[in-house]
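Report on the following structure.
The values are calculated or read from the model by the stated rules, or taken from the named source; none is laboratory data. Nothing here was measured: the structure is a model prediction, and the numbers come from that model. Cβ: placed from backbone, ideal geometry, glycine included. Neighbour counts: every protein chain shown. Only protein heavy atoms, including side chains, enter the accessible area calculation; ligands, DNA and RNA are left aside. Shrake-Rupley method; radii C 1.70, N 1.55, O 1.52, S 1.80 Å.
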Amino acid sequence: MNNKVEEVVDITSKLIKIPTLNPPGDSLKEGAEFIKDYLSQRGFSASIIEFDRGWPVVISQSKPRDKNHVMLNGHYDVVPVGDEKRWKNNPFSGLILENLVYGRGATDMKGGLAVLMKVFSDLADKLEYDLVFTAVPDEETGGFHGSMKLAEVFKPDLVLISEPSGSNSICLGEKGLLQVKLVSVGKSAHGSLPSLGENAIMKLIRSLTSLQKISDYNISTPKEVVELLRAKADMNTEKDYLSISFNPGVIRGGVKVNVVPDYAEAEVDMRIPPGITVNDAIALVEELAEGVKVEPFNISEPNYTSPDNTYVKLLENVIMRRLNVNPIKYIMTGATDGRFFRYKGVPTIIYGPGELNLAHSYDEYVTFQELEKTYEVISSFLLDISNYQRS
């Protein structure tokens, strides 16, 4: 392992040791200060900006060159650790052991953030275009105080986010999100005389059974997108990728076993592939879930960057050259801050160390190998952009 990778490992470990939990606490500020200090000590002017009070965003820019510019973006907040007894080691130990760095956020995404910090400090003043580094505090709760604000202020030609795609894969987009509450209202009565009432739970069950058919709705998804959706799917999950997924995650209703319930509600999570808008999906939900009130509470449009985009092709070529693999290009079922930039028409690529299935897990870790590979690929990619612009 060379000195540069040793530094990336060290940064990852130090970031993990700062418990930047979201919901927020004082450690968000501590995390932002650590990132700012790292960049400042290497000669870069870095600032902490709160677009919204209590949500510190770190921003550093290379010397302006009045040319195209690229934004590096990552988040330093992490989800809660869950049951600490299920961790083999302290989740905020940043333990380095046997070519692994352990701890909450190792994969999602302090390893990726460490890579970007090192890449920026190594290359920002050596490139022929503007490079912007940004670290945000709230991706895990929607990104509305960080990346959403950045997307309104900056107009880069490319955004590279180092969420855990895996070094052999490039994430180009994500399914849309539609989370709704279904509210069922009935009429209460004594449980021994149910015919005198109207059971809100039974109404809700019928509505959910009908709404489940949304997964069979035929969507006109572009061919290039179908290929991206299938890239990470298997026999068990292909329908989840290609269709509107359906998952009732929460259900509430009733006050007592011997009372006919006059109120019940369910919260349903649906993920929408490109080819249908959120508004069209909501109309479909209202049609299928007849008899109950539909209240959307969390939405985002499906979004993706074309696999034929020049920057995507450049990155693909770098991965083939540096790692000797043909990278998998895919669309993910979850959501990232990348959507805010794609909504503004900015090509956005997700590429970073680790595997997504380790995110939010107990004994989360990232490997030295993944940190090294993504550092080498991203460094070469940024240099290739200079060569491309010069040609």
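Summary of computed values
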{"quantity": "Candidate set from the range 275-323 (those that are hydroxyl-bearing (Ser, Thr, Tyr) and out of contact with any strand residue (DSSP E or B) (no Cβ under 7 Å at 6 or more places or on another chain)); member that is nearest to Leu228 (Cα to Cα)", "calculated": "Ser306"}
{"quantity": "Every residue from the range 150-174 that is under 16 Å from the mean Cα position of the chain (by Cα) and either open to solvent by 10 Å² or more (accessible area, probe 1.4 Å) or farther than 28 Å from Pro56 by Cα (or both)", "calculated": "Glu163, Ser169, Ile170"}
{"quantity": "Test: residue in the range 19-30 that is of a type in the set (Gly, Ala, Ser) and touching a Lys or Arg at 6+ places or on another chain (Cβ under 9 Å)", "calculated": "no"}
{"quantity": "Search result, residues across the range 154-187 that are over 28 Å from Tyr241 (Cα atoms) and part of a strand (DSSP E or B)", "calculated": "Ser184, Val185, Lys187"}
{"quantity": "Filter result for Leu113 (in contact (Cβ under 8 Å) with a residue 24 or more places away in the chain, closer than 18 Å to Leu21 by Cβ and open to solvent by less than 70 Å² (accessible area, probe 1.4 Å))", "calculated": "yes"}
{"quantity": "Exclusive hit being open to solvent by 70 Å² or more (accessible area, probe 1.4 Å) and on the phi > 0 side of the Ramachandran plot, set Asn90, Asn99", "calculated": "Asn99"}
{"quantity": "Inter-residue pairs, beta-carbon under 9 Å, first over 13 Å from Val260 (Cα atoms) and among the hydroxyl-bearing types (Ser, Thr, Tyr) and in the range 189-217, second assigned to a helix (DSSP H, G or I) and open to solvent by less than 100 Å² (accessible area, probe 1.4 Å), 6+ apart", "calculated": "Ser207/Leu288; Ser210/Leu288; Ser215/Asp240; Tyr217/Ala281; Tyr217/Leu284; Tyr217/Leu288"}
{"quantity": "Residue list for the range 119-139, restricted to those being open to solvent by 10 Å² or more (accessible area, probe 1.4 Å), of a type outside the set (Ser, Thr, Tyr) and closer than 21 Å to Tyr76 by Cα", "calculated": "Asp122, Glu139"}
{"quantity": "Answer residue from the range 79-107, given it is assigned to a loop (DSSP other than H, G, I, E, B) and of a type in the set (S, T, N, Q) and is nearest to Met148 (Cα to Cα) among those", "calculated": "Ser93"}
{"quantity": "Count of residues meeting criterion [out of contact with any Ser or Thr (no Cβ under 8 Å at 6 or more places or on another chain) and open to solvent by less than 20 Å² (accessible area, probe 1.4 Å)] in the range 317-331", "calculated": "1"}
{"quantity": "Within the range 188-307, strands (runs of 3 or more DSSP E) holding 2 or more residues that are open to solvent by 60 Å² or more (accessible area, probe 1.4 Å)", "calculated": "247-253, 293-300"}
{"quantity": "Residue count, the range 10-37 (criterion: in contact with a helix residue (DSSP H, G or I) (Cβ under 6 Å, 6 or more places away or on another chain) and within 25 Å of Glu376 (Cα to Cα))", "calculated": "4"}
{"quantity": "Every residue from the range 335-391 that is open to solvent by 50 Å² or more (accessible area, probe 1.4 Å), farther than 22 Å from Leu158 by Cβ and in a loop (DSSP other than H, G, I, E, B)", "calculated": "Glu355, His360, Tyr362"}
